[in-house]
Amino acid sequence: MLSNHIQNGIESARLAWSRIPNSDESPFVLDDDGVGILKKNDGSAVESLDYEVIENFAYREEQAHRRRKLYVSYLLVVKWFFALLIGICTGLAAVFINISVENFAGWKYSVTFSIIQKSYVAGFIVYILINLVLVYSSVYIITQFSPAAAGSGIPEIKGYLNGVDTHGILLFRTLIGKVFGSIGSVGGGLALGKEGPLVHTGACIASLLGQGGSTKYHLNSRWFNVFKSDRDRRDLVTCGCAAGVAAAFRAPVGGVLFALEEVTSWWRSQLMWRVFFTSAIVAVVVRTAMGWCKSGKCGHFGSGGFIIWDVSDGQEDYSFAELLPMAIIGVIGGLLGALFNQLTLYITTWRRNHLHKKGNRVKIIEACLVSVLTSVISFGLPLLRKCSPCPEPDPASGIECPRPPGMYGNYVNFFCSKDNEYNDLATIFFNTQDDAIRNLFSAKTINEYSSQSLLTFLVMFYGLAVVTFGTAVPAGQFVPGIMIGSTYGRLVGMFVVKYYRKLNIEEGTYALLGAASFLGGSMRMTVSLCVIMVEITNNLKLLPLIMLVLLISKAVGDAFNDGIYEEQARLRGIPLLDSKPKYEMRNMMAKEACGSGRVVSLPRVVKVSDVVSILQSNTHNGFPVIDHTRSGEPLVIGLVLRSHLLVILQSKVDFQHSPLPSDPRTGGRSIRHDSGEFAKPVSSKGICLDDIHLTSEDLEMYIDLAPFLNPSPYIVPEDMSLTKVYNLFRQLGLRHLFVVPRPSRVLGLITRKDLLIEDAENVNTLELQATSNSASE
């Protein structure tokens, strides 16, 4: 059977592909890697993924020996089972993070409040120290244990689903660093959120489940090691991303749309169902945990634990005249969002090029200084603000005034001389971000905040968010973006209330629109963000208004720069392929994109020493394999991957003494590998050439590459438009693409009807119909 496959592959290559003209010309290889493995600015490496199915003879042998219907049914059941596990595990991880953050924050504020009853100076010192300890624990975990867990992780996950693997982003230690690092950084009061890290957490959980756990830490099971190809793992990671968003915002539909709109480059309907199922499971797990915690078993974790801001009792209607200030909110969001992206890009670039190159100690000191600065501002600025008298009590509103600091609700009493006064700046500054946003979104609280306090908070928190972004801690930008947007949105709402003088206008509604506008202006999401905002606010009536401000803010932001995730991915050296090719590609051909360098190729039967020499002399990840026809003319018969060559060199079982290929007429030899042996662990460097030990006798032996190469890689003619090449490359998730001269003959044409293959029981009927049609013609 092997000999037949080899013969069929060579014959197919001879008929379908053009010849190699002569010694100075060879087929170009359009390689997603450029030079194979790219070095990022921070020293780590990125490498392209093999989303294409490598149809070598090991793969074909496995497919031939499997019972097709039974195996397909088994894979389908396993995929749905993994979707269930991803949803459960991600939901539990989110519950653990939220309970931990809320308890640390609640304990911090309760201790601080009890101390400031006696001395504000002592309370100030304790507050700074608690935040400093939490942030130090976070940055220490990141710098010493899991550097890949720094940041939000969304640019890296977006790159992975685009076809680029950054080493270390989906490992077990990255998952641990993300979970515990988020608890420290968010609990420490930094101007960042845990939503982006939760997306990365879900992706790590999905990846680890897909490969059976972690081998390094002896937490693996061969029963879970089912999906070994990058294509299957990509689907699991997509489910994990959607689960992370669903867990962070309690927005299952928003999680599905986020995965579809923002992170994935390849989508299909079957994946949609599994992603939707995973998000639904997350919602059930989170809801169950919330119900269990209502009994008081979760400490300080209460109604403010998960992000959901119910504004269903807010503004129910709006007039046509209000569309103008709402549109202005969209413009402000686009401008401030684009400015935020640009400032974070400049500061992060400077930080990477100058500060972080000095070592981990500098990263720790930097994060601790940012923590002290944040604590001083959040505690000190409210001390300078004059308190305001509480409004007349309204039993119908259910709002109590005043409240102690750090507790859920509005009208915080902080450094006030009278008991019936509140500090509006402390209500949003000296509080958890979730509760501060809930206060800004709240209805029936007109005139709670002064314009001076909102402007002060906007400027200071905006600056803190810019400075904090890029520190060596897990950091999300959803909640800080909502904080910034809701602040200037409420400012606009105050002017609208004063100008229009209508009783039904709520400042909290404009705060919500401001939050949506800033996220749209910074992240450039539309559909998914719109659904997320509706789900977390529980007010469908505001959907048209949210759509309006999102469209305006995105259009304004696009006029200045790209979204924050695209900018950060470019900064980190992740070569993302956008959904649309550049306009200049229309006037370029495929041959022009290949460069002028000569393609490094291998003969079908190659000496081991030559393989080692080629692997040492370059970093390419794919090599064309050349054979010769009976007349002596060179012929390309396929593509062999670098990772496959390393597996062959390490095992040594395929070495042979003869420099001649196996004769197809004598039966050949059996395959000693299955397709799973060639799979590289996720986010791992895999086998290195330095780890392979070869004796002098091994170097003198030969390898027949025919059983291991991909006999049918994708090819394009040299004069094809680069726009077409780009679309083909991205939509199919390719890693290599052959560029060849124009073929000299055509074997046939495939049309739509040729691809409409019926079930196996109807094949004979189709063949009979085709024979009858041919005879009648």
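The values are calculated or read from the model by the stated rules, or taken from the named source; none is laboratory data. Owing to the predicted nature of the structure, the values given are computational and were not obtained by experimental measurement. Neighbour counts are summed over all protein chains in view; Cβ atoms, including those assigned to glycine, are modelled from backbone coordinates with ideal geometry. Surface accessibility is based on the protein's heavy atoms, side chains included, excluding ligands, DNA and RNA. Shrake-Rupley method; radii C 1.70, N 1.55, O 1.52, S 1.80 Å.
At-a-glance table
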read-out: Percent of alpha-carbon pairs separated by more than 19 Å within the stretch 132-236; value: 43 percent
read-out: Distance from the stretch 125-204 to the stretch 691-732 (C-alpha centre basis), Å; value: 37 Å
read-out: Length gained when the stretch Trp267-Lys541 is fully extended (0.36 nm per residue, less Cα-Cα span); value: 95.6 nm
read-out: Value of Rg/Rh across the stretch 69-294 [Cα atoms, Kirkwood radius]; value: 1.04
read-out: Sparse-neighbour loop sites [trypsin sites (Lys or Arg not before Pro); the stretch 591-623; at most 14 other C-beta within 10 Å; DSSP]; value: Arg598
read-out: Sulfur and carbon atoms: percent of accessible area, the stretch 320-572 [1.4 Å]; value: 66 percent
read-out: Partners for Lys297 among lysines (Cα-Cα distance below 28 Å; same-chain residues under 8 apart left out); value: Lys108, Lys178, Lys194
read-out: Proximal lysine pairs, the stretch 539-602, alpha carbons under 30 Å, eight or more residues apart or interchain; value: 5
read-out: Burial ranking of peptide ranges 540-548, 454-462 (average Cβ count within 10 Å, highest at the top); value: 454-462, 540-548
read-out: Val740 long-range amide H proximity, modeled H, under 5 Å; value: Val716, Glu718
read-out: Pairwise label distance in nanometres, Val527 with Val653, each label 7 Å out on the Cα-Cβ vector; value: 4.7 nm
read-out: Gain in span if fully extended, Glu633 to Asn420, counting 0.36 nm per residue against the direct Cα distance; value: 67.2 nm
read-out: At most 16 other Cβ within 10 Å, DSSP loop - chymotrypsin sites (Phe, Trp or Tyr not before Pro), the stretch 124-188; value: Phe145
read-out: FRET efficiency, Leu92 to Phe145 (Cβ-Cβ, R0 22 Å, nearest 0.05); value: 0.55
read-out: Mean separation of Cα contacts under 8 Å (6+ apart) over length of the stretch 69-294, as relative contact order %; value: 26 percent
read-out: Evaluated at q = 0.10, 0.14 Å⁻¹: base-10 log I(q)/I(0), Debye formula over Cα of the stretch 320-572; value: -0.51, -0.95
read-out: Quarter of the Cα convex hull surface for the stretch 445-570, i.e. its orientation-mean projected area (nm²); value: 8.7 nm²
read-out: Full-extension gain in nm, Tyr500 to Leu369, via 0.36 nm per residue minus C-alpha separation; value: 42.7 nm
read-out: Modelled FRET efficiency - R0 60 Å, Arg586 with Glu392, Cβ distances, 0.05 increments; value: 0.35
read-out: Amide H contacts of Ala443 (H built 1.01 Å from N, under 5 Å, at least 5 apart or other chain); value: none
read-out: Global form of the stretch 246-395, assessed from the alpha-carbon gyration tensor, a/c cut-off 1.5; value: rounded
read-out: Per-residue HN-Hα couplings for the stretch 537-551 [Karplus 6.51, -1.76, 1.60; θ = phi - 60°; Hz; x = Gly/Pro]; value: 9, 6, 9, 6, 5, 8, 4, x, 5, 5, 4, 4, 5, 5, 5
read-out: Charge tally in the Cβ shell below 14 Å around Ser528, where Lys, Arg are +1 and Asp, Glu are -1, Ser528 excluded; value: -1
read-out: Nonlocal amide H pairs with Leu602, under 5 Å, H built at 1.01 Å; value: Val625, Ile626
read-out: Those residues of the stretch 726-746 whose amide nitrogen sits under 16 Å from the label point placed on Tyr714, 7 Å along Cα→Cβ; value: 726-740
read-out: Length-normalised contact order of the stretch 320-572 in % [C-alpha pairs under 8 Å, at least 6 apart]; value: 27 percent
